[in-house]
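Undergrad: Sharing a structure with you now.
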Amino acid sequence: MAGPVPELEDRATTCAKRLCEADRVLLASHIDADGLTSAAIAATALERAEIPFETVFEKQLDEEALADIAATAYETVLFTDFGSGQLDIIGDHEDAGDFTPVIADHHQPADRETAYHLNPLLFGINGASELSGAGASYVLARALADVSDTTPDPAVAADGGEPSDARRSSSELCSDGGTVTASGAANARADNCDLAALAVVGAVGDMQAAGGELHGANQGIVDEGVAAGVLETGKDLALYGKQTRPLPKLLEYATDVHIPGISNDENGALRFLDGLDLELKRDGEWRRWAGLTNDEKQTVASALVRRAVSSGVPAKKIDQLVSTAYVLSEEPVGTELRDASEFSTLLNATARYERADVGLGVCLGDREGALERARQLLREHRRNLSNGIDLVTREGATQEEHVQWFHANDEIRETIVGIVAGMAMGNAGISRSKPIIAFAEKNDEEVKVSSRGTHSLVRRGLDLSVVMGEAARAVGGDGGGHDVAAGATVPRGNEEAFVERADEIVGEQLS
Ligand code: C5P
Ligand code: C5P
Ligand code: C5P
Ligand code: ZN
């Protein structure tokens, strides 16, 4: 059977077979939306394959974290959404007989190889824009369904399972037969194709849909999710919060494309909506985008575009008002879980605050306690992002020749300083023509560094994973990541030397 990403098929099968040989597996994953969805996909696949496992999360897979993992009695460790960048240290543990690593990752690999290593970058696929950690985990999950002989018999599972109407229409790609029957959902489960929805949340969480839609290997996963009945895609307004934000807030907070008199303008957004000939309130409350009829959506969108045109927003920007939306069709309308982008933010709100357990619970289907707790954490996360962006915009970034930077000290949490840096780019005083480097306090000895670039800088040669790795090692730290977004940890007091070295490297890359 052809998997969602043919190039990775053989390696995925090799990795899956190795997992099936294990008595039990330690699953280790990264603490962000992509890491959580990676873990949820892997956990579900292991469970369905009846392989016992335990899950741990790490902020960073450094020597200490790996030593802890090595100290456990697990002989097989599955790393998801990290592991490639730490292959040097992992390899030493492997050589010492501490454990056998199986890796499903998309970060830049360290200069060492291992047998069970699934990473798009090894097969000519871009790990920053075409496949996420959750995507790599999904490819592995699909292979695991194939090689393990314990997956439920579709016919049996169809009786005992919980096929929703949406899942019944599952077809070709994921059900082998192409028949549209009640066993479609069970087939999707047997093939692990239902996990494509989480893979898309991971990719969106890693900003892989930044250009407006997912592409490359990600598109193959989207297709499988659609066929399995767990995903719907279509062109829609490119605003964040279509499921949960009341309409005025949806428009007011949408600043990626600035529309004068509406963006960042509470009264302006209200006046704009009041001026439309539509019933946009129900029981005195503003409705949400997801609850509008198609005609109503059309009316609002057209008026928005007209306003943008009449206030001189350039055509290229206006195009960006529409993008591909990824809807998790089995989740209730009007919840964070239905929109891949809102879902991923909800997950970041848990894992980046040391509550990965909560996010994992949500991914695994806990719609009670975990979801409630995640929503509380989300309110806090939003407040922190907004305060962080305000702070950075107020204080601005220090401009060097090729990079710009700021130091948040203890005012922005180190786990979200990268998100803040990325979101602040393009605000007043924060240019989009230079990569941004952000520092935040990690502990008494160390400082966290996050960096973000743009795709246009990457096309000109920028590779932040190299910049972070080399600049960090020059001052006794370490780092890595992707071309467009990377990070590092360095000993305190080395920030200036770090910036100086980073500025040089970026200068060379862009020359
Ligand atoms: O660990 P990792 O791969 O998960 O993190 C990716 C990070 O890079 C995310 O925080 C995401 O916001 C950021 N990113 C970005 N722009 C991109 C791609 C990734 O800011 N185009
Ligand atoms: O928090 P996370 O990195 O998942 O956010 C992904 C993207 O979602 C951000 O880069 C931003 O464009 C958008 N977002 C937003 N408003 C929020 C949270 C996220 O517009 N409150
Ligand atoms: O933490 P931040 O969101 O800035 O991370 C951006 C990217 O850099 C992520 O993909 C992360 O996994 C990677 N990173 C890394 N090594 C570090 C810090 C971050 O590979 N020391
Ligand atoms: Zn990732």
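Undergrad: Restricting things to alpha carbons, tell me how big the stretch 447-511 is in terms of Rg and Dmax, in Å.
TA: That works out to 10.8, 33 Å for Rg and Dmax.
Undergrad: Measure off 7 Å from each Cα along the Cα-to-Cβ vector at residue 496 and residue 410, then give the distance between these two points in nanometres to one decimal.
TA: Here the answer is 2.3 nm between the modelled labels.
Undergrad: Pop the C-beta distance of residue 111 and residue 446 into the FRET formula with R0 = 25 Å and round what comes out to the nearest 0.05.
TA: Calculated value: 0.55.
Undergrad: What's the Kirkwood radius of the stretch 12-64 in Å, using all Cα pairs?
TA: 11.8
Undergrad: Same structure again: Grab the alpha carbons of the stretch 51-127, take their convex hull, and tell me the volume per residue in Å³.
TA: 94
Undergrad: Beta carbons within 10 angstrom, averaged per residue: use that to sort the peptides 371-383, 90-102, highest first.
TA: 90-102, 371-383
Undergrad: If N is the number of residues in the stretch 337-428, what value comes out of its Cα radius of gyration divided by 2.2 N^0.38 Å?
TA: 1.24
Undergrad: Right, here's the next one. Percent of Cα-Cα pairs more than 24 Å apart in the stretch 218-310, please.
TA: Considering the stretch 218-310, 27 percent of its Cα-Cα pairs are separated by more than 24 Å.
Undergrad: Sticking with this structure for a sec: Per residue and in Å³, how big is the convex hull formed by the alpha-carbon atoms of the stretch 344-487?
TA: Dividing the Cα hull volume of the stretch 344-487 by its residue count gives 120 Å³.
Undergrad: May I ask you to give the average projected area over all directions of the convex hull of the Cα atoms of the chain, in nm² rounded to one decimal?
TA: 23.9
Undergrad: Also, I was wondering about something else. At q = 0.15, 0.23, 0.24, 0.32 Å⁻¹, work out log10 I(q)/I(0) for the stretch 341-381 with the Debye formula, treating every Cα as an identical point scatterer and leaving solvent out; two decimals please.
TA: Values returned for q = 0.15, 0.23, 0.24, 0.32 Å⁻¹ are -0.24, -0.59, -0.64, -1.14.
Undergrad: While we're looking at this one, here's another question. In whole Å, what is the distance between the alpha-carbon centres of the stretch 343-403 and the stretch 4-32?
TA: The stretch 343-403 and the stretch 4-32 have Cα centres spaced 28 Å from each other.
Undergrad: Also, I was wondering about something else. Can you give the extra length, in nm with one decimal, that the chain gains between residue 316 and residue 286 once fully stretched, where that is 0.36 nm per residue apart less the Cα-Cα distance?
TA: Between residue 316 and residue 286, full extension yields 7.8 nm more.
Undergrad: Let me ask something else. In straight Cα distance, which lysines are under 21 Å from residue 448, not counting same-chain residues fewer than 8 positions off?
TA: 59, 434
Undergrad: Going by the alpha-carbon gyration tensor, a ≥ b ≥ c the square roots of its eigenvalues, is the stretch 92-146 rounded (a/c under 1.5) or, if a/c is not under 1.5, prolate (a/b greater than b/c) versus oblate?
TA: oblate
Undergrad: Still on this structure, please answer the following. Which residues among the stretch 103-138 fall inside the zone where the amide N is under 12 Å from a point 7 Å beyond the Cα of residue 21, along Cα→Cβ?
TA: Only 115-116 pass the distance filter.
Undergrad: Can you give the alpha-carbon Rg of the stretch 1-147 over 2.2 N^0.38 Å, where N counts its residues?
TA: Against the empirical 2.2 N^0.38 Å value, I get 0.92 for the stretch 1-147.
Undergrad: Using the Cβ atoms and a cut-off under 13 Å, what net charge is assigned to the surroundings of residue 473, where Lys and Arg are +1 and Asp and Glu are -1?
TA: Once positives and negatives cancel, what remains is -3.
Undergrad: Along the Cα-to-C-beta direction of residue 92, a point sits 7 Å from the Cα; which residues of the stretch 442-483 have their amide N less than 20 Å from that point?
TA: The answer is 446, 469-481, whose backbone nitrogens lie closer than 20 Å to the label point.
Undergrad: Using only alpha carbon pairs under 8 Å that are at least six residues apart, calculate the relative contact order of the chain and give it in whole percent.
TA: 11
Undergrad: Starting from the stretch 439-511, pick out the GluC sites (Glu not before Pro) whose DSSP state is loop and whose Cβ has at most 11 other Cβ atoms within 10 Å.
TA: The qualifying sites are 445.
Undergrad: Note down the nm distance, to one decimal, between modelled labels 7 Å out along Cα→Cβ at residue 293 and at residue 10.
TA: Roughly 5.6 nm, to one decimal.
Undergrad: I've got another one for you. Need one number: % antiparallel among DSSP beta bridges in the chain, to the nearest 5.
TA: In the chain, DSSP labels about 60 percent of beta bridges as antiparallel.
Undergrad: A follow-up question, please. Express as a percent, rounded to the nearest 5, the fraction of DSSP beta bridges in the stretch 361-511 (both residues included) that run antiparallel.
TA: So the antiparallel bridges amount to about 85 percent of the total.
We did not get these values from a lab; they are worked out from the coordinates using the rules stated. Model, not experiment: these values are computed from the prediction. Reconstructed Cβ throughout: ideal geometry from the backbone, glycine too, with neighbour counts over all protein chains shown.
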